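Comments concern the structure below.
Bear in mind that the values in this text are calculations on the coordinates, not laboratory data. Just so you know, these numbers come straight off a predicted model, no measurement behind them. For neighbour counting, all protein chains shown are included, and Cβ atoms are generated from backbone atoms with ideal geometry for every residue, glycine included.
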Amino acid sequence: MKKLTALLLVLITALSLCACGVDSGDDSGSASPGGTGNVGVANPVTSATAQDVENELGVALTLPGRATDAVYQLIDHGDSDTKMGQCRFVLDGTECTYRAVKADGLKDISGMFYAWEKAGSCDIDGCPGNVRYNTGEEGVCFWYDEDAGLVYCISVETGAGEEYLVSLAEYLRSCADGQAPVEEVSPEQPDEQPSDEPVEQPPVEDDGDAADETA
């Protein structure tokens, strides 16, 4: 009788240990939706429509009539409650990224961090701006519209040059103002050679919290 009782106690103990090893499937919300148990990080870039971007900025990111493959997004950046509007599109075979965000002054919101070969100030239809690029490769032009309280930025990953970037920025600004017949205006690709001379970077505030454009 004692042996039977001891055997039953052993079996009960074994069953209890097995039950403790079973995953109940309830991690009190700590598991990711995929069930991996990892806590997810919120993506700062969200899909949007042209109207969503206009509602956020108060103005539309107007594109040329020839622009194709337009993809609109909103980007959370820094501690600001205001989101950045972004549109990626293709113009005459060149992939472009167009951004705008509410700001108090000129700053680089491109999210592009390169050792720029050339840099300098520029004027975009009366708006103070800055252009930075590596000749024939990546580049960015950004400008501040004081009346709208917005910083705009256009960047490319190839074919960059000062004349091209500035004319592209002016082209987009004229499209936004409804001034330019988009079928008659087209920036020309530059014919510039890289320079070995060092370039002094203009003192322009960088927005370190701006999301990278490849996000």
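Data table
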{"quantity": "Computed lengthening from F113 to E146, 0.36 nm per intervening residue step minus Cα-Cα distance", "calculated": "9.3 nm"}
{"quantity": "Virtual spin-label span in nm between A70 and D52, 7 Å along Cα→Cβ", "calculated": "1.5 nm"}
{"quantity": "At most 11 other Cβ within 10 Å, DSSP loop - chymotrypsin sites (Phe, Trp or Tyr not before Pro), the stretch 103-164", "calculated": "F113"}
